[in-house]
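**Q** Sharing a structure below in structure tokens format, with a few things to ask.
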2 protein chains.
Amino acid sequence: MSGTIGGVSLSTHHPLVDGRTTESPLVTAYSGRRPERLPVWFMRQAGRSLPEYREVRAGVPMLDSCLDPDLAAEITLQPVRRHGVDAAVFFSDIVVPLRLVGVDVEIRPGVGPVMGTPVRTADDVARLRDLGPLTPERLAPVTAGVERTVAALGATPLVGFAGAPFTLAAYLVEGGPSRDHLAARRLMHADPATWSALMAWTAEVTGAFLEAQIRAGASAGQLFDSWAGALSLADYAAHCAPASSQVLALVRSLGVPAVHFGVATGELLVAMRDAGADVMGVDYRVPLDEASRRLGGATPLQGNVDPALLGAPWDVLEAHVRDVVERGRSAPGHVVNLGHGVPPETDPTVLTRVVELVHSL
Amino acid sequence: MSGTIGGVSLSTHHPLVDGRTTESPLVTAYSGRRPERLPVWFMRQAGRSLPEYREVRAGVPMLDSCLDPDLAAEITLQPVRRHGVDAAVFFSDIVVPLRLVGVDVEIRPGVGPVMGTPVRTADDVARLRDLGPLTPERLAPVTAGVERTVAALGATPLVGFAGAPFTLAAYLVEGGPSRDHLAARRLMHADPATWSALMAWTAEVTGAFLEAQIRAGASAGQLFDSWAGALSLADYAAHCAPASSQVLALVRSLGVPAVHFGVATGELLVAMRDAGADVMGVDYRVPLDEASRRLGGATPLQGNVDPALLGAPWDVLEAHVRDVVERGRSAPGHVVNLGHGVPPETDPTVLTRVVELVHSL
């Protein structure tokens, strides 16, 4: 059995060809068609907003929880059970492929990913390469986690999750989270050859991480370029898009839709789509009708309820969700989501109510 | 004696009518004309990149140094002496007016401004109002600092410095620095009346702060909306621009050019200009020719050398500065500056070299 998703033909070895999720509202909307039910899921739906998440995570460091297949599957499934969302997103972290390949990285609570040693020179990049490729053996905990998740999900699709090469490179160069990403942006201009070697490496490891999730049963792959908003269009296009293109092309070659998302990237929307995305995630700053206009009305969209309004009175939030859905009609397909991740302090009953509202529209 | 600056007629009581800085390259460019020498200064030029700054600041908390007139004047003058820049910018902090009016705020090194109690309700805003207005008596240390600075500057203009109402409100609501400004953005939707009362108050205190600097001799007033990039255009226009307009109108009514700057605000450029700015500061993300195009070619620009390149090899930085200057020619007036503040680790000799380069172009 074979078919096409989003104009991409499916290779016969992919679980999608079983038809498990082909007709799901999510995959239908990602393919640029109108499903019977408007699909909705939330970035960071699996996480701190859920008491059942805080319970199973108690005492377990973040990266350990990502690499425990049973725990990662359980956490991934929790919001699907609770909210009735139309997709699961694999519970992981964008630095997981770094950890799997042997980079000294930890996630400090309240801070974020912190590297043992920043990567700033050609020698530093050579040392990354010396760690060897992200083999299927190293990826085994991810593959096992996805397989368990997919088996439990049935007809509900799983979205594979990975950080974009620039965002990973920014963490590696800065050594941790940064507001301006000065060191990363300096390196791309001061030593373009080293930068380009670093981007080739991050594209490889994050690509392998996403590929493993898709081969194990994810029905789509979403590339998160969290820090791309720090870049000018010229820097993005010249120094970052080529590596992202490589990962997006890999996702498409596996026969599933490639979703691309960045924060504060309204100015980069077209370049990010043109890097090879089937679907563009839009953050809360740009209304979906304006995003669709920029994209020539040709690209399915995902987004973009403002997470700030999850804590507003229901009538304010409801009016906003209806407005997002209305504006989303200008795109050839629309998956409702947030314009950024679920804030940890969100009341989960509000998320459930948003799902019910979206499904009623 | 009287005259006009940027089409605004000068009130006769203003120091500018002495003609001290009217013909300076800075004021000429701010007025939309081409001075003989291309003017240049740097946001955060007075600060940690200078050893002489670190020396005089040693052991003095940030806000105390802002409120010591001799120290603030000395720090303001240091980069003018060292780099030969075409303007001083008054050394201060955007939360200084909060401190002067009695808000419990401190600046924690490595963190930023932290409030004793966040402001989130109508009662909280009423308590701010109960602190009373920012009177000339309370502003005395600022006035004295500016007077001493201006006396030493001679024909070199001083740019007055203040935070925009939204950025101040965001600090007050969040209680400190924040990545997404969720609480502030929630408040504007959840309780627009309280939000609007808060914005009216921040506009008043930051306006009084800027007015004091201009009355004491500043030749321009720059409003810094550091966090406006967190906003959609619709939220900015509806919930923030009116308060900024009030401050910009005050600056103009005092007969000096109003400069408006935000970070990651390419999408808001036109709205920020239309709020009543004579000059738009542009961050490093949007090239100046594109910024000028968005603004209809009618607005003098300030910017936008990428601070990340201050640490790149000189030939890379030089090519970038030349490109910025070339693109700036599309605007009716151009003041060279950075697209964000000087990073603390910047080698100050590089800044001096940039000034020499700009003056040679």
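The values are calculated or read from the model by the stated rules, or taken from the named source; none is laboratory data. Since this is a predicted model, take the numbers as computed values, not measurements. Glycine also receives a Cβ, built like all others from the backbone with ideal geometry; neighbour counts cover every protein chain displayed. Ligands, DNA and RNA are excluded from the accessible area calculation, which covers all protein heavy atoms including side chains. Shrake-Rupley method; radii C 1.70, N 1.55, O 1.52, S 1.80 Å.
**Q** Write down the radius of gyration of region B:136-201 and its Dmax, each obtained from C-alpha positions, in Å.
**A** Rg then Dmax for region B:136-201, in Å: 17.0, 50.
**Q** Still on this structure, please answer the following. Rounded to a whole number, what is D in µm²/s for region B:236-361 from Stokes-Einstein with the Kirkwood radius over alpha-carbon pairs (10 °C, 1.306 mPa s)?
**A** So the translational diffusion coefficient is about 105 µm²/s.
**Q** Oh, and also: So which residues of region B:274-311 lose at least 20 Å² of accessible area, probe 1.4 Å, when you go from the chain by itself to every protein chain present?
**A** Residues of region B:274-311 that lose at least 20 Å² of accessible area once the other chains are added: B:TYR284, B:ARG285, B:ARG294, B:ASP306, B:ALA308, B:LEU309, B:GLY311.
**Q** Calculate, for A:GLU326 and B:ASP274, the FRET efficiency according to 1/(1 + (r/R0)^6) with r their C-beta to C-beta distance and R0 25 Å; round to the nearest 0.05.
**A** Calculated value: 0.40.
**Q** Would you mind listing the distances between the A:PRO313 label point and the same position in each other copy? Use 7 Å along Cα-to-C-beta, nm, one decimal, shortest first.
**A** 6.2
**Q** Of B:LEU134, B:LEU77, B:LEU182, which has the largest mean-square fluctuation in a 10 Å C-alpha GNM of chain B?
**A** Most flexible of the set in this elastic network: B:LEU182.
**Q** Project the alpha carbons of region A:84-175 onto their principal axes and report the range along each, largest first, in whole Å.
**A** Extents along the principal axes: 47, 31, 21 Å.
**Q** Can you send over the carbon and sulfur percentage of the accessible area for chain B, probe radius 1.4 Å, protein chains only?
**A** Result for chain B: 52 percent of the exposed heavy-atom area is carbon or sulfur.
**Q** Test of understanding: in a Gaussian network model of chain A with alpha carbons linked when under 10 Å, which of A:ALA291, A:ALA73, A:ALA140 would top the mean-square fluctuation ranking?
**A** A:ALA140
**Q** May I ask for log10 I(q)/I(0) of region A:192-302 at q = 0.11, 0.14 Å⁻¹, from a Debye sum over the Cα atoms as equal point scatterers with solvent left out?
**A** For region A:192-302, the Cα-only Debye profile gives -0.33, -0.53.
**Q** Would you tell me the mean number of C-beta atoms belonging to other protein chains that fall within 10 Å of each C-beta in A:260-269, as a whole number?
**A** Going residue by residue through A:260-269 and averaging, the value is 2.
**Q** Moving on to the next point. Report the local net charge at B:PRO242: Lys and Arg +1, Asp and Glu -1, summed over other residues whose C-beta lies under 14 Å from its C-beta.
**A** Summing Lys/Arg as +1 and Asp/Glu as -1 gives -4.
**Q** If one takes the accessible area of chain A alone plus chain B alone and subtracts that of the pair, with a 1.4 Å probe, what total in Å², rounded to the nearest 100, results?
**A** Buried area (both sides, nearest 100 Å²): 2500 Å².
**Q** Let me spell out the model: positive unit charges on the Cβ of Lys and Arg, negative unit charges on the Cβ of Asp and Glu, origin at the Cα centre of chain A. What dipole size does that give, in debye rounded to 20?
**A** So the magnitude is around 380 debye.
**Q** Follow-up question, since we're still on this one. Taking a point 7 Å out from Cα toward Cβ as the label site, list the nm distances between A:GLU326 and the same residue in every other copy, smallest first.
**A** Output for A:GLU326: 4.7 nm, nearest copy listed first.
**Q** Take every Cα pair under 8 Å in region B:4-360 that's 6+ residues apart, average their separations, divide by the length, and report that relative contact order as a whole percent.
**A** 22 percent
**Q** Find every distance from the label point of B:ALA122 to the corresponding label point in the other copies (7 Å from Cα along Cα→Cβ) and write them in nm, one decimal, shortest first.
**A** For B:ALA122, the inter-copy label distances come out at 6.7 nm.
**Q** Moving on. Hey, what's the Cα Rg ratio for region B:108-237 versus the globular rule of thumb, 2.2 N^0.38 Å?
**A** Expressed relative to 2.2 N^0.38 Å, the Cα Rg reads 1.15.
**Q** Right, here's the next one. Using the Kyte-Doolittle scale, find the helices of chain A whose mean hydropathy is at least -0.5 and whose Cα atoms extend 15 Å or more along the helix's long axis, counting only whole DSSP H runs.
**A** TM-like helix candidates: A:69-83, A:140-153, A:192-215, A:241-253, A:314-328, A:348-360.
**Q** In whole Å, what are the extents of region B:306-352 along the principal axes defined by its C-alpha atoms, from largest to smallest?
**A** 33, 21, 16
**Q** Next up: Can you give the FRET efficiency to the nearest 0.05 for B:GLU356 and A:ALA238, using r as the Cβ-Cβ distance and R₀ = 25 Å?
**A** 0.30
**Q** Can you give the Rg to Rh ratio for the protein assembly as shown, taking only C-alpha atoms and Rh from Kirkwood?
**A** With Rh from the inverse mean 1/r over Cα pairs, Rg/Rh is 0.99.
**Q** Counting heavy atoms of the protein chains only and a 1.4 Å probe, report the per residue accessible area for region A:4-360 as a whole number of Å².
**A** 34 Å²
**Q** Give me the distance between the Cα centres of region A:74-113 and region A:135-171, rounded to whole Å.
**A** 9 Å
**Q** Considering the Cα trace of region A:4-360, what is its radius of gyration and what is Dmax, both in angstroms?
**A** 18.9, 56
**Q** Got a sec? Which residues of region A:172-195 lose 30 Å² or more of accessible surface with every protein chain in place, vs. that chain alone, 1.4 Å probe?
**A** A:ARG179, A:ASP180, A:LEU182, A:ARG185, A:ARG186, A:HIS189, A:ALA190
**Q** Then there is this: Taking the rotation that carries B onto A, look along its axis and tell me which residue of B has the beta carbon nearest to it, distance in whole angstrom.
**A** Per the B/A rotation axis, the closest residue of B reads B:ALA264, 3.
**Q** Kirkwood Rh and Cα-based Rg: tell me the resulting Rg over Rh for region A:12-139, rounded to two decimals.
**A** Radius of gyration relative to Kirkwood radius: 1.05.
**Q** So which residue, out of A:ALA144, A:ALA308, A:ALA72, gets the largest mean-square fluctuation from a GNM of chain A using Cα contacts under 10 Å as springs?
**A** Maximum fluctuation in the GNM of chain A, among the listed residues, is at A:ALA308.
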